[in-house]
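Everything on this sheet refers to the single structure shown next.
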Amino acid sequence: KLKNWYISFFSEAEAGNILGEKTPDYMRDKAIMARIKKYNPTVKLIFLLRDPVKRLFSMYSHVKSKEDAWGRDVWKRWETHGFGNSFDDWIRQSIKGNATSDTPERWALPVHWEWYAGDYEALMMPIFQMFPKEQIFVGIFERMVKDVKGSIRALESFLEIPHDDSYCKRRPTGSASG
């Protein structure tokens with residue numbers, strides 16, 4: 001049932017297309033990664049990582065401007081836990097909160113995940129233990145933006161698809177903040 005539900009998201013894809021999705025959530029959950037491996041043991045995984053400090057500031061900026069899934073102001077919720085308005089205040093309070101926590105599972109506020117999210121070694125080691133390195137592509141966002149053409153070629157090679165220069169002529173429509 002779950003398999004059919006998941007496959008339904010790709011129902012409009014043409015035969016022979018390479019299918020995929022994007023989310024940062026899977027890499028932090030070993031159980032999800034195990035299900036992915038069970039479902040498709042030869043899956044090719046692509047991880048695009050950012051400079052951890054830039055990623056953290058980007059997350060801070062994003063939270064300051066967003067509501068959660070229920071329409072609540074995320075920042076107001078954090079302010080009730082002593083987080084100030086500035087990035088510096090937010091960092092100080094986050095460090096203070098982390099000082100009493102020894103595992104990500106015990107972290108009570110969403111900000112604690114964001115600290116853990118930059119610990120790429122801790123996040124990636126279980127994945128490298130679960131999947132062969134030939135099935136894993138790790139790209140660094142800042143490097144990929146500087147060399148779009150080289151990055152596209154590296155991804156094409158990893159995915160074993162023919163090179164297509166048209167990808168390299170297009171510019172991304174969005175940009176990462178921070």
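The values are calculated or read from the model by the stated rules, or taken from the named source; none is laboratory data. Just so it is clear, the model here is predicted, and its values are computed rather than measured. For neighbour counting, all protein chains shown are included, and Cβ atoms are generated from backbone atoms with ideal geometry for every residue, glycine included. Keep in mind that these areas ignore ligands, DNA and RNA; they rest on the heavy atoms of the full protein, side chains included. Shrake-Rupley method; radii C 1.70, N 1.55, O 1.52, S 1.80 Å.
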Inset, instruction - Name the residues whose placed amide hydrogens come within less than 5 Å of the amide hydrogen of Ile46, ignoring near sequence neighbours (fewer than 5 apart) on the same chain. - result: Phe137
Legend entry - Difference of contour (0.36 nm per residue) and Cα-Cα distance, Ala31 to Asn17: 2.3 nm
Inset, instruction - With label points built 7 Å along Cα→Cβ from the Cα atoms of Trp5 and Asp165, find their separation and express it in nm. - result: 4.6
Legend entry - Net charge of Cβ neighbours under 13 Å - reference Phe10; Lys, Arg +1; Asp, Glu -1: -2
Legend entry - Spacing of the two label points (7 Å from each Cα toward its C-beta) at Lys149 and Glu134, in nm: 3.0
Inset, instruction - Provide the solvent-accessible area of Lys149, counting protein heavy atoms only and rolling a 1.4 Å probe, rounded to the nearest 10 Å². - result: 100
Inset, instruction - Report the net charge of residues surrounding Glu142, where surrounding means a beta-carbon distance below 11 angstrom and charges are Lys +1, Arg +1, Asp -1, Glu -1. - result: +3
Legend entry - Over 31 Å between alpha carbons, listed pairs Lys64/Lys146; Lys3/Lys64; Lys44/Lys146: Lys3/Lys64
